[in-house]
Amino acid sequence: MEKQMIFKTLSNYKKILQDKGYNVIYIGLYGSQNYNLDDEESDIDVKAIILPNLHDIIFRKVISTTIECEQGNIDLKDLITFYDVIKKGNFSYIESIDTEYYIGDKYIKELFKPFRPNKKSILGAMYEKRKALTHEYPSKCKEFEKWGYDPKQHHHILRLYDLLNYNLLYGQEKSYLTYDNGDIRKQELMNYKRNKNNIPLSIIEEDSDLIIEKARNLIDYNYSYEYKSIDDKINDYIEKKLKIELVKANDISFAREIRTFDNDIPKKDLQKFPILEQYRGKDISYIVYESIEIL
């Protein structure tokens with residue numbers, strides 16, 4: 001799938017969410033395009049992060065839902081809920097941060113980049129795929145009619161084993177592996193994904209159970225995930241964004257946020273605010289508040 005098409009779809013997802021009234025701050029891809037295991041049947045699935053509004057925060061409203069679209073699914077969460085999930089090391093949410101296919105606030109990517117996968121979350125996903133292997137969801141009627149199972153789930157079990165094994169073997173903390181076009185393993189996984197060899201259920205179940213057992217044995221009995229806390233950064237980010245939103249809601253006020261990312265500070269800001277001279281060439285962020293009074 002062409003990169004341009006993926007980014008076009010992400011932009012379309014953003015518009016869908018905005019039309020529903022959400023303040024979208026980040027959308028990141030998770031799924032087969034990241035692994036180079038996509039084909040013409042592959043959906044484009046994303047994790048989307050929205051900024052909670054003041055009402056949501058006051059009444060502790062949690063936004064966590066899935067929106068089905070023609071080209072794939074949007075797993076939607078407010079920033080606080082997304083943080084609650086990713087800080088536990090959920091690899092699929094970390095994948096949506098690690099991916100090159102994203103749109104939105106670069107600071108969000110920077111903020112969550114330090115979080116690395118919990119090995120037990122990878123193993124847990126393998127167990128979930130094993131259950132889904134023989135669970136006939138409405139969207140999988142064709143596969144079950146043909147083979148009696150969903151071959152895509154088996155390919156996920158194999159892919160996740162590759163990921164866990166690679167991380168432990170090489171001391172890495174990747175949230176996904178990308179398979180090269182000339183890689184024999186890629187072709188194997190694609191064959192399993194669409195069951196091109198028409199392998200019967202009994203063999204697939206046996207192989208899935210064997211792979212999961214091997215994965216379980218890879219994780220040390222004493223392994224525990226080290227939780228990270230960025231509560232202060234999350235709170236500061238939300239507070240700053242809400243200040244801007246509140247100013248924007250005022251008909252006579254305006255606010256804009258600037259993040260330089262080591263680029264030049266806008267000349268108009270240097271002229272208005274001489275204090276910015278000392279930050280030339282540095283990566284800084286600041287908010288400019290402006291207002292108008294009708295006489």
Practice item. Per DSSP H run of at least 4 residues, take -39500 (n - 2.57); add these up for the chain, divide by its residues and hand me the 222 nm value, nearest 500 deg cm²/dmol. Key: -14500 deg cm²/dmol
Study note, to complete from the structure: Most fluctuating of ASP251, ASP38, ASP84 in the GNM of the chain (C-alpha, under 10 Å) is ASP251
Revision key, fill the gap. Neighbours of TYR227 by Cβ distance under 12 Å: Lys/Arg at +1, Asp/Glu at -1, summed charge +1
Exercise for review: Quick one: work out the % antiparallel among DSSP beta bridges in the chain, nearest 5.
Suggested key: 80
Review point. Of all DSSP beta bridges located in the stretch 3-112, what percent are antiparallel, nearest 5?
Key: 70
Point to revise | Ranked packing of 133-139, 19-25, 219-225, 154-160, most packed first, by mean Cβ within 10 Å | key: 154-160, 19-25, 133-139, 219-225
Review point. If amide H atoms are built 1.01 Å from N in the plane of the peptide, which residues on other chains or at least 5 residues away come under 5 Å of the amide H of ASN73?
Key: ILE44, ASP45, VAL46
Exercise for review: For every other residue with a beta carbon closer than 9 angstrom to the beta carbon of LYS77, add +1 if it is Lys or Arg and -1 if Asp or Glu, then tell me the sum.
Suggested key: -2
Point to revise | Cα-centred dipole magnitude for the stretch 231-291, charges only on beta-carbon of K, R (+1) and D, E (-1), debye, nearest 20 | key: 220
**Study point:** Neighbour cut-off at most 15 other Cβ (10 Å), DSSP loop, trypsin sites (Lys or Arg not before Pro), the stretch 27-107
**Key:** ARG60, LYS61, LYS88
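Readers should treat all values here as calculations from the given coordinates under stated rules, not as data from a laboratory. Keep in mind the model is a prediction, meaning the values are calculated, not measured. Don't worry about glycine lacking a Cβ; one is built from the backbone with ideal geometry, like all the others, and counts go over all protein chains shown.
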